[in-house]
Every structure is written in C-alpha cells, then in structure tokens.
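The values are calculated or read from the model by the stated rules, or taken from the named source; none is laboratory data. If you're wondering where the values come from, they're calculated on a predicted model, not measured in any experiment. Ideal geometry is used to build each Cβ from the backbone, glycine not excepted, and the neighbour counts take in all protein chains shown.
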Amino acid sequence: MSSAPHSATAAPAPALSQQTLDRFQREIAKFPYEGRASAVMACLSIAQQQIGYVHPEHEKIIGELLGMPTIAVHEVTTFYNMYNQQPVGRFKLNVCTNLPCQLRDGYTALHHLEKKLGITMGETTADGLFTLQQSECLGACADSPVMLVNDRTMCSFMSNEKLDQLVDGLRTAATSEGK
Ligand code: FES
C-alpha cells in the first residue's frame, strides 16, 4: 500500500525556527549585499534541513531576504533533485532514467523498485521509509543502472538482485535502529 504524493501547496507552512533564520543570515553575510542572491542554494538547503522539504512559503521568505522574485527561487528548487518539493520518506531513492541509462536498464531498475516497494514513481511507502523518484543524468552513465540514495550515496550497476539487497538492507537498518 502506498501514500499518494504529498502536496506541499495544500499543507500550511511550518514556521521556520530562529536557528534557521540565523543560519540564513550567516550565509547571506558571506556575500556582498548586491550579490546576496548567491546564498539561495544554501538557504534552501537550510530550510529543507529543518522541515524535510522546501515549502513555497519558505521560497517566498528566502526570496525576500535575497532580493529575488519567488519564482526565481522556485526555479532553483525545481532544477536540482536534492531539493524536495514535498515531504519524502526516510530513504529517497532517485533512479536515473535519462537516455543513456534508458538504453542500459534504467527503466528496468525503476520498475523493479516500484514492484518491490508497492508504489509508483513519485510516491512514498505507507510506512514512510521509501520515496521513489526518477532523476536526470547523475554523471555515471557507464555504470548504469545508477541511482542515488538520500542525495549522497551513488549506487552503480544496480541489477534487480542488487536493488533487492539495497532495499532489504535499508529496511533492516531502519528496523534495528528503531529497537
Ligand atoms: S544518463 Fe544516467 S547517469 Fe548519465
């Protein structure tokens, strides 16, 4: 069973903490005033660290701080896979389905994960553990199928067997940490 993708626009924006606002200011102070827009990626990351994703209201706040139109901030959010536009599970699995990977089992990997997790691309498992997403080129086309776990860990040559091992291992780790 799966949960439908969350809609960030429907959810009220959680308040940003004073610590988050202070961190914004520290990033902004790294640039001359007229170049403060250069802090946009750092500020988006900080907001996401607090609430797990980037809420449209927070894009607005960041835009006001940086002297940027909200839409320009949103363009940054939507350009990079690492920014979540809605709440995600504990493990975010991004499978590359760009053309070179398509030619080397990228979709096979994605569809195998959909079947194993019982969700479709873009969804989160009901237990909140896994979110499955497509991604653009990860710069490792020769290692296809490739995927990123939680925006940090690159996994190469992901056969169905390796995908099973990965998911089972993450699930076991999450279960044992919860004990
Ligand atoms: S196309 Fe998938 S890593 Fe480049």
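Results, tabulated for the structure shown:
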read-out	value
Subset tally (residues that are among the polar types (S, T, N, Q) and within 16 Å of the ligand (Cβ to nearest atom)) for region 88-135	8
Positions within region 71-104 being closer than 18 Å to VAL149 by Cβ and more than 19 Å from the chain's Cα centre (by Cα), in sequence order	CYS101
Selection status of GLY139, within 18 Å of GLY89 (Cα to Cα) and either among the hydroxyl-bearing types (Ser, Thr, Tyr) or surrounded by fewer than 16 Cβ atoms within 10 Å (Cβ to Cβ) (or both)	no
Matching residues in region 70-124 - criterion: being under 22 Å from GLY169 (Cα atoms) and small (Gly, Ala, Ser)	GLY89, GLY106, ALA109, GLY118, GLY122
Members of region 106-120 found to be in contact (Cβ under 8 Å) with a residue 12 or more places away in the chain and either part of a helix (DSSP H, G or I) or buried (at least 17 other Cβ atoms within 10 Å of the Cβ) (or both), listed by number	GLY106, THR108, ALA109, LEU110, HIS112, LEU113, GLU114, LYS116, LEU117, ILE119
Any strands (runs of 3 or more DSSP E) falling wholly within region 128-179 and containing at least 3 residues that are within 23 Å of PRO87 (Cβ to Cβ) and modelled with pLDDT of 95 or more	130-135, 147-149
Checking ILE71 against (1) surrounded by fewer than 17 Cβ atoms within 10 Å (Cβ to Cβ); (2) within 16 Å of the ligand (Cβ to nearest atom), the condition it does not meet	(2)
